[in-house]
Each structure stands twice: as structure tokens, then as C-alpha cells.
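Engineer: Got a structure for you, questions after.
The values are calculated or read from the model by the stated rules, or taken from the named source; none is laboratory data. Note that the structure is a prediction, hence the values are computed from the model and not measured. Backbone-built Cβ (ideal geometry, glycine too); neighbour counts: all protein chains shown.
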Amino acid sequence: MNRIVFDNPLLLAAANGPLATLLLIVGLIIVMLTVVSYLILFERWIAAQIQDRVGPNRAGPFGLLQPVADIVKLFIKEDFTPSHVDRKLYWLGPIWVIAPAIIGMAVLPIGGTVVVAGHAFRLQVASIDVAALFLLMTGSMGVYGLVVGGWASDTKYSVLGALRSASQLISYEVPAGLVVVSIVLVAGSLRLETIAAHQAGLWWGWLPHWLIFTQPLAFLIFIVCILAECNRLPFDLPEAEQELIGGFHTEYSSMKFGLFFLAEFTNAVVASLLTAVLFLGGFGFWGLAGDQPAGVQTQWYFGLARVAVSFGKAGLIILLMMQIRWTLPRFRFDQLAKLAWQVLVPASLLLVFANGIVLWLHAPPWAYLLGNVAVALLVAVGAWLLGGRVTGRQRTLVLAERSHA
């Protein structure tokens with residue numbers, strides 16, 4: 001398959017001017033904040049349906065003004081700062097959490113290049129050569145805000161939440177990075193636009209070239225990793241209410257708490273948009289190229305349709321995350337670490353080798369699927385053997401303790 005073309009000078013020459021970039025940044029932030037606000041409402045509706053209860057339905061028709069009411073409530077609540085905290089770090093924590101999430105949106109290709117009043121306009125704030133690595137970096141930087149906020153709060157629950165955040169980052173950043181390496185090997189570029197364009201076209205005239213069909217194990221691993229990095233159940237251990245009250249944000253109130261809450265959902269949206277680019281063809285619709293071969297610009301209304309497709313695919317991933325949140329119980333912390341280091345890291349590392357071998361042999365695309373299946377079987381057998389050995393050892397220890405008693 002052709003390696004398209006986003007690196008070519010024709011497309012890069014259509015870079016936005018300063019005013020266009022500023023307008024795009026402001027518009028993207030407004031859209032993102034609106035989407036995040038109503039995602040919170042949507043999740044509360046889903047939780048109500050799953051738990052057989054009534055969700056928000058009082059603020060405005062059908063409860064549609066509930067996000068506005070929540071924001072007003074956060075603004076008018078007392079902004080209390082405990083006397084024992086490290087004030088500078090305490091104030092820095094919420095800002096440090098939300099800033100990387102917003103910055104990460106800059107490199108996401110959400111609509112390609114369009115023509116407005118005869119001028120080419122790219123619906124992407126920044127197109128950089130290492131966009132995939134940049135997003136991994138910004139995603140990991142947000143966790144430091146949780147660590148700073150929890151540590152500065154200087155209470156046992158907050159410090160425990162901060163330590164859990166750091167451990168969770170170390171555990172799940174490794175397999176997430178290795179999955180991105182696998183996708184980069186297949187697509188041949190670190191540019192997100194090129195990765196999206198690589199998935200253009202159809203197999204047999206009806207099946208899109210989306211990488212979810214040839215890299216299903218990589219998709220599954222990446223979903224688990226973004227759940228952990230966004231602190232979503234069943235991996236919300238840094239704030240675990242039953243154990244830590246609120247974890248890293250226990251001592252926060254008013255809009256400082258609101259920033260933590262907003263950052264979680266913003267991270268979820270950014271991670272979902274990234275997943276859509278890596279595995280679902282980005283803003284390409286059913287086999288159409290991400291931005292057409294050779295970077296051909298299209299009309300503004302088609303660009304808006306692409307934006308809708310991008311957020312639609314991200315919405316499906318967010319819906320999956322919400323279903324998981326309200327279905328699965330929380331993992332214990334030792335289970336979370338074992339899943340990462342004993343299952344996901346070996347699986348993602350083997351995927352890199354499998355995809356590299358298929359690429360080296362110039363095998364057809366279905367060989368990538370066979371590689372994913374082989375790795376999944378190998379890891380499943382290894383986990384079963386390791387689990388049986390650990391269980392047998394634990395049973396021996398229990399019997400020995402009983403005999404001594």
C-alpha cells in the first residue's frame with residue numbers, strides 16, 4: 001500500500017497563518033470544553049440506566065442544562081485551601097493536570113485540509129514529524145500533576161493517591177509506547193496524518209483498511225492502557241473512594257477540584273481521538289483517505305463532515321470506556337501491576353517483533369493478523385502456566401501454615 005504523502009511540500013505549504021491558528025486554537029478549546037461537559041452528563045445518564053435509577057433530569061429540558069448548573073456550583077463554592085499544604089505546589093497541581101491534556105489536542109488531525117474563501121486551511125493546530133511521540137509525552141506529563149497535587153496536600157490519603165499515580169504511569173506507559181511503535185512500523189511514519197492516510201482504501205470492496213482489523217491485540221492493549229492512564233475504572237486506584245476517600249484530590253475544592261475532573265474527561269477525549277487515528281482511520285470515512293492522496297484540499301463542508309467522523313469514532317471508544325467503568329469492579333493494586341508487567345508488556349513487546357518480521361518479509365496485510373493471533377495465544381498460555389504455578393505455590397504455603405498452627 002502507498003505511503004501517503006503528508007510529508008510532501010504541497011501540503012505543508014498550506015500551513016495556517018497566525019490568525020487562522022489562533023482562531024483554530026480558540027475554537028478547538030471551546031468545542032472540547034463543550035464536548036467534555038456533556039460527556040459528563042452522558043455518562044451520568046448511562047450510569048443511571050445501568051443501575052436502574054433516574055439520572056439528571058431537572059436542570060433544563062431533559063436535564064440538558066445540568067453541565068451549566070454543575071459549573072456554576074463549582075464557581076460559587078468556597079475555595080478552601082488547608083493551612084498545612086505546600087501552597088505553591090497545591091495550586092500548581094490542577095494546572096499541571098489540565099495543561100498537557102489541552103496541549104495534546106494540538107497535534108491531532110481532526111479534519112484534514114479544507115478550502116475557505118479560496119484559502120487552504122488545515123484543521124490541525126500543529127503538524128509535526130513526531131506527533132505520536134509528542135502525544136505520549138504530554139499524556140505522561142499530566143500524571144505528574146496528580147503526583148504534585150497529592151504530595152502537596154500533605155495527607156495520607158492524598159500521598160497514597162500520588163504514589164499510586166506514579167506507579168500506574170510506570171506500569172502502563174511502557175505497553176502503550178510499544179503499541180505505538182508497532183503501529184509506526186506498519187504505517188512507516190510518526191506523523192498522525194500519515195498513519196490515518198495509511199488506512200485509506202477497502203479490502204474486497206467493503207472492509208476498510210483500518211488497523212483494528214489487522215492489529216486487534218494491539219487495539220485491546222492500547223484500550224487497557226488508556227483506561228489506566230486516564231484513571232478510569234477499573235483502574236481508578238489513585239482516587240479509589242472506598243479506600244482513599246478521593247486520593248490525590250481529597251483536599252481540593254471549588255474550581256481546583258473541577259480542573260481535576262475536567263482533566264480526566266479531556267484526557268479521555270484526547271486518548272479516544274488518538275485511538276481513532278491509530279486504529280480506525282482517523283477522520284477517513286469507510287475507506288476514504290484521511291486527506292486524499294497527495295494532500296488534495298477539499299471544500300469546507302466536507303472538512304466539517306470529517307470533524308464529525310473523528311468525534312463520532314472517538315465517541316464510540318468513549319462509550320466503550322463508560323460501559324467498562326459501570327460494569328467491571330476495581331482491580332487491586334497488585335493485580336494492576338501484575339497485569340501490566342506480566343501480560344501487557346510481554347504481549348506488546350512480542351507484537352513489535354511480530355510486526356517487524358512481517359514487515360521484513362514483505363508479507364500481505366493478513367499476515368499481521370496472524371501475528372497478533374499468535375502473540376495472543378502465546379501470552380495466554382504463558383499467563384495460564386504462570387498463574388497455575390503461583391497458585392500451586394500459594395496453596396503449598398497455606399497448607400504449611402495450617403500444619404504449623
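Engineer: Given (1) closer than 30 Å to Ala162 by Cβ; (2) touching a helix residue (DSSP H, G or I) at 6+ places or on another chain (Cβ under 6 Å); (3) in contact (Cβ under 8 Å) with a residue 40 or more places away in the chain, where does Pro109 come up short, assuming only one miss?
Structural biologist: Just one mismatch for Pro109, condition (1).
Engineer: Are any residues in segment 80-128 among the aromatic types (Phe, Trp, Tyr) and either within 15 Å of the chain's Cα centre (by Cα) or part of a loop (DSSP other than H, G, I, E, B) (or both), and if so, which ones?
Structural biologist: Phe80
Engineer: Given (1) hydrophobic (A, V, I, L, M, F, W, C); (2) at pLDDT below 85; (3) out of contact with any Lys or Arg (no Cβ under 9 Å at 6 or more places or on another chain); (4) surrounded by fewer than 19 Cβ atoms within 10 Å (Cβ to Cβ), identify the lone condition not met by Ala200.
Structural biologist: Result: Ala200 fails condition (4) only.
Engineer: Out of the helices (runs of 4 or more DSSP H) lying entirely within segment 297-381, which hold 3 or more residues that are in contact with an Asp or Glu (Cβ under 9 Å, 6 or more places away or on another chain)?
Structural biologist: In segment 297-381, the matching helices (runs of 4 or more DSSP H) lie at 300-325.
Engineer: Okay, moving on. Working only within segment 211-254, note down all residues that are surrounded by 21 or more Cβ atoms within 10 Å (Cβ to Cβ), touching a Lys or Arg at 6+ places or on another chain (Cβ under 6 Å) and under 30 Å from Ala187 (Cα atoms).
Structural biologist: none
Engineer: Name the pairs whose Cβ atoms lie under 9 Å apart, with the first residue in segment 233-255 and closer than 14 Å to Gly149 by Cβ and β-branched (Val, Ile, Thr), the second modelled with pLDDT under 80 and in a loop (DSSP other than H, G, I, E, B), and 6 or more positions between them or separate chains?
Structural biologist: Short answer, once both residue conditions are applied: Thr250/Glu239.
Engineer: Which members of segment 39-63 meet the condition of being loosely packed, with under 14 Cβ neighbours inside 10 Å and either assigned to a helix (DSSP H, G or I) or in contact (Cβ under 8 Å) with a residue 40 or more places away in the chain (or both)?
Structural biologist: Gln49, Ile50, Gln51, Pro61, Phe62
Engineer: Consider only pairs whose beta carbons are under 7 Å apart and that are at least six residues apart or on different chains; among these, list those whose first residue lies in segment 322-338 and is surrounded by 12 or more Cβ atoms within 10 Å (Cβ to Cβ) and whose second residue is of a type in the set (Val, Ile, Thr).
Structural biologist: As it stands, the answer is Met322/Ile46; Trp326/Ile46; Trp326/Ile50, since those pairs meet every condition given.
Engineer: Follow-up. Need at least 2 residues that are farther than 22 Å from Gly258 by Cα, touching a helix residue (DSSP H, G or I) at 6+ places or on another chain (Cβ under 9 Å) and of a type in the set (Gly, Ala, Ser) per element, so show me which helices (runs of 4 or more DSSP H) inside segment 134-216 make the cut, counting only ones lying wholly within it.
Structural biologist: Filter on segment 134-216 gives 156-187, 192-198.
Engineer: How many residues does segment 81-123 contain that are modelled with pLDDT under 85, over 21 Å from Met137 (Cα atoms), among the hydrophobic types (A, V, I, L, M, F, W, C) and out of contact with any Asp or Glu (no Cβ under 9 Å at 6 or more places or on another chain)?
Structural biologist: Qualifying residue count, segment 81-123: 7.
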